[in-house]
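Participant: Next up is a structure, given as structure tokens.
The values are calculated or read from the model by the stated rules, or taken from the named source; none is laboratory data. This is a predicted model, so every value here is computed, not measured. Ideal geometry is used to build each Cβ from the backbone, glycine not excepted, and the neighbour counts take in all protein chains shown. Surface areas here come from the heavy atoms of the whole protein model, side chains and all, with no ligands, DNA or RNA. Shrake-Rupley method; radii C 1.70, N 1.55, O 1.52, S 1.80 Å.
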Amino acid sequence: MHADPEEGIAKPRFREGLYPVEEVTHRLRSFVEPASYPEWRELLRGRNILFLVGEARTGTSTTGLALLNEVTRGKRITGLDPEVDLAEWTPSNACGYLVQGLKPGAGALLDEVALNRITECLVVADAHLLVIIDRTAGISRALSSWCRTYVPPDPFKVARRRLERMAEDNALTPEQLATASASLGDAPFKDYLTTTHSPTAGVEVAEELWEVVANGRTHEAAADNLRLGSTEAAAELLAAVRGSVDELALATTIALLEGQDRTVVERFAASLRNELSIRVAADAAPREFDLLGRGIKDRLDSVQARLLPREVSTSGSYRYWTQPVAFRGKHLAEEVLERLWLDYEGFSDVLMDWLVRQPREPGIERVAGKRIGQVICQASGPAVLRQLGKFAASKLHWQRRLVSFALGETVQDVVLSGAVRAQLRKWSIQTAAEPRCTVAETCAGSLGLALPAFALNLLDNVLEASATPLDDQVRTSVAAALGVLLTEHANREMVFKHITAWLGEPNGTARHAFAAHAVEALCRGGFPTSIRAGVRRLTLNDLFGEDWAVLVPLTLRALEDETLHGAVRAALTAVERSGPDGQERVTAFVTALIDSSGGHPGLRGLLLAMYRSRLPAGTEAAPQ
């Protein structure tokens, strides 16, 4: 069963800040060591620093995580901003540091003096640094001796390890594992694995073999799914459909919305067909019309696509059937859209102008947004993000969400990351609410989790640029972003420090209004008040297990706002009544408040109110 595909939080592939321990563990479960791994491990242990030169999407980051996890003996791993100037950088903790890509020209500035300084600092801090450099990046002669060329692990080994993990997860029986492993030597799968050095090929073959042994997919269908996903297959398909508006519209729609229900694909394809027909000269020659036209299966066959088995999806409180549409080639959707977008003049503009006029269907913002983001990563020129502008300024929520998914993909490209950040900064200070809502929505996804400090700075801008009273859309979008950030424990201190600072802004400002809303919700029903899948509401009681260094300043600042007194008192009363140790916990917390308050007038009022609430009914409090 599938939930509404628009819901959920997309996890990033890289981060700036702490990597959650469970994420590192998960990513390393199927890790296969490259042949040079032992050499790299010893170099990293000896020098405390290692530069790996490799290609994107070949397992470099996973290898970096594995090396750091091993040489630091399981200490925390922190991702660094690729824009950081390593020549001036100093480690602050005894942990592993991972940099996934350097800004252009940075590698050329790392001379022997800078490298020796970094090494000395790492040794003193008992820290280790691993830097991944793209093959196309320029490096200095001094740096080249510190670099090692990354060669991915054997795809055959990756496929075997992935199948073994499926068995460990009970997705394969021992018999199915044996059958699938033996099939790795069969011609179609062996050929596919020997034509590439990418470990991704091993993962894909393992997934296809799982379909064969677990779901009855034929070897021929599995082989086609691998073979038909190439750049050459995409070129052949587009050459075959270029003379038919109907087939081109259908192929384009599937490329953009692969995995969506057949009715959605048919409806969007019909709309795009009309759009494309405007660009085609009318056929003056008389012709006969087939009133029924071709059936969907025949039309899908003509563009190398198929209907997948029906499945149950959910949206809100009801369930319904869906029948997804997909190309036969595993990566054909990506390849077709990339070729249409990059190779044919004006086609991307036509596609985006058409898409912005379409009605919303559940899940299209996620699917289309991620696909568009992937294509933008392959585009060139200084205006690669231009076409997202009309979606970012849209009054429709789904179109702004599409931008958030697109930028969540694009920001993970080392070269385009700076452009994405600059664009988000521009939108975050615009007067109109819609672009600022787009920024907040983008922070409520993989970009926010990857760049939490940057995301919070953007939310600062979004609120600062807001009119008063605070726009409901802006408040909801910012709350959604903070809710996503709070799903990871490492972000809590940063988030609540920002809320505390916003609460200190003058009454009547958007920042103060939002912070007051957040504290009110935290004290009463939970924050954020509106949540999406993967997010849960936090209450003051949840934070009592946290370090009070964050909770105490937030509470004292809240007591400066008379409108929040009742909410704070109600929250503390709820904690008192939450269990046998509730009153003891509140007493300890109040003691911490007193120690930090310096005679805070709001705290005196809170203490008096709590004292009165504990008196028996009909008893008057002592005069003050």
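Participant: List every residue whose amide H lies under 5 Å from the amide H of F51, counting only residues 5 or more places away in sequence or on a different chain, with H placed 1.01 Å from N in the peptide plane.
Facilitator: Those qualifying (amide H under 5 Å, at least 5 residues apart or on another chain) are V131, R148.
Participant: In addition: Once the cut-off is 33 Å, how many percent of the Cα-Cα pairs in the chain end up in the long-distance tail?
Facilitator: Tail fraction, whole percent: 56.
Participant: While we're on this one: Using the Karplus curve 6.51 cos²θ - 1.76 cosθ + 1.60 with θ = phi - 60°, what ³J(HN,Hα) values do you get for each residue of the range 234-244, in whole Hz, with x for Gly and Pro?
Facilitator: 5, 5, 5, 5, 5, 5, 6, 9, 5, x, 10
Participant: For the range 330-360 and the range 460-488, compute the distance between their C-alpha centroids and round to whole Å.
Facilitator: Between the Cα centres of the range 330-360 and the range 460-488 lies a distance of 32 Å.
Participant: So what's the range 470-534 giving for Rg/Rh, alpha carbon basis, Kirkwood Rh from the mean inverse pair distance?
Facilitator: Here the Rg-to-Rh quotient is 0.94.
Participant: Still on this structure, I have one more. Test of understanding: extend the Cα→C-beta vector of R386 to 7 Å, then name every residue of the range 342-359 with backbone N under 17 Å from that spot.
Facilitator: The answer is 342-354, whose backbone nitrogens lie closer than 17 Å to the label point.
Participant: Each residue of the range 91-100 in turn: what ³J(HN,Hα) in whole Hz from Karplus with 6.51, -1.76, 1.60 and θ = phi - 60°, glycine and Pro shown as x?
Facilitator: x, 10, 9, 7, 8, x, 10, 10, 10, 9
Participant: Any idea how far apart D595 and R135 come out in nm if each label point goes 7 Å out from Cα toward Cβ?
Facilitator: Taking the simple label geometry, D595 and R135 are separated by 5.8 nm.
Participant: Got a sec? Which residues in the range 147-161 would a label at D191 touch, if it sits 7 Å along Cα→Cβ and we count backbone N under 18 Å?
Facilitator: Backbone N within reach: 156.
Participant: Over the chain, with every protein chain in place, what whole percent of the accessible area is carbon and sulfur at 1.4 Å, could you tell me?
Facilitator: 52 percent
Participant: Which residue, chosen from A558, L355, S317, occupies the Cα position most advanced towards the positive end of the dipole of the chain, where the dipole is computed from +1 (Lys, Arg) and -1 (Asp, Glu) charges on Cβ about the Cα centre?
Facilitator: Looking along the dipole axis, the top candidate is A558.
Participant: Let me ask you something else. What is the dipole size for the range 386-502, taken about its Cα centre, with +1 at each Lys and Arg Cβ and -1 at each Asp and Glu Cβ, in debye to the nearest 20?
Facilitator: 260 debye
Participant: For every helix of n ≥ 4 consecutive DSSP H residues, a contribution of -39,500 (n - 2.57) applies; sum these over the chain, divide by its total residues, and give [θ] at 222 nm rounded to the nearest 500 deg cm²/dmol.
Facilitator: Roughly -16500 deg cm²/dmol at 222 nm, from the helical runs in the chain.
Participant: When the dipole is taken about the Cα centre of the range 91-241, and only Lys, Arg (+1) and Asp, Glu (-1) are charged at their Cβ, what size is it in debye, to the nearest 20?
Facilitator: 540 debye
Participant: R0 = 60 Å: FRET efficiency of E493 with D298, Cβ-based, nearest 0.05?
Facilitator: 0.55
Participant: Just going by the charge dipole of the range 97-175, with Lys and Arg at +1 and Asp and Glu at -1 on Cβ, which of V124, L102, T136 is farthest out on the positive end?
Facilitator: Farthest along the dipole direction, towards plus: T136.
Participant: Quick one: dipole size for the chain, taken about the Cα centre, charges +1 on Lys/Arg Cβ and -1 on Asp/Glu Cβ, in debye to the nearest 20.
Facilitator: 660 debye
Participant: OK, next. What is the range 297-356 by shape, rounded, prolate or oblate, if you read a ≥ b ≥ c off the alpha carbon gyration tensor as root eigenvalues and call it rounded for a/c under 1.5, prolate for a/b larger than b/c, and oblate otherwise?
Facilitator: oblate
Participant: In addition: Cross-link partners among lysines for K297, C-alpha distance below 22 Å, same-chain residues fewer than 8 apart left out?
Facilitator: Reachable lysines: K330.
Participant: Let me ask something else. Could you sort L449, L608 by accessible area so the largest value comes first, with the probe set to 1.4 Å?
Facilitator: L608, L449
Participant: Please calculate how many Å² of accessible area the chain carries per residue, with a 1.4 Å probe and no DNA, RNA or ligand atoms counted.
Facilitator: With all protein chains present, the chain gives 46 Å² per residue.
Participant: Using alpha carbons only, how many angstrom separate the centre of the range 197-249 from the centre of the range 491-548?
Facilitator: Between the Cα centre of the range 197-249 and that of the range 491-548, the gap is 47 Å.
Participant: If you line up the Cα atoms of the range 565-607 on their principal axes, what length do they span on each, largest first, in Å?
Facilitator: Computed over the Cα atoms, the extents are 30, 21, 10 Å.
Participant: Give me, ordered by chain and number, the residues 5 or more places off A305 or on other chains with an amide H under 5 Å from its own placed amide H.
Facilitator: The answer is R328.
Participant: Which order do I9, I376 take by accessible area at a 1.4 Å probe, largest first?
Facilitator: Descending order: I9, I376.
Participant: Which ³J(HN,Hα) values, rounded to whole Hz and listed in residue order, are derived for the range 186-198 from phi using the Karplus coefficients 6.51, -1.76 and 1.60 in 6.51 cos²θ - 1.76 cosθ + 1.60 with θ = phi - 60°, glycine and proline given as x?
Facilitator: Coupling constants for the range 186-198: 5, 3, x, 6, 4, 4, 5, 6, 8, 8, 9, 9, 7 Hz.
Participant: Figure the gain on full extension for K11 and L607 (residue separation times 0.36 nm, minus the Cα-Cα span) and round it to one decimal in nm.
Facilitator: Between K11 and L607, full extension yields an extra 210.2 nm.
Participant: Separate question: For A501 and N274, calculate 0.36 nm times their separation in residues minus their Cα-Cα distance, and state this gained length in nm to one decimal.
Facilitator: 76.4 nm
Participant: With Cβ to Cβ distances under 10 Å as the rule, what net charge do the other residues near R267 carry (K, R +1; D, E -1)?
Facilitator: Local charge sum for R267: -2.
Participant: Could you sort the peptides 152-164, 219-231, 582-594 by per-residue average Cβ neighbour count (10 Å cutoff), highest mean leading?
Facilitator: Top to bottom by mean Cβ count within 10 Å: 152-164, 219-231, 582-594.
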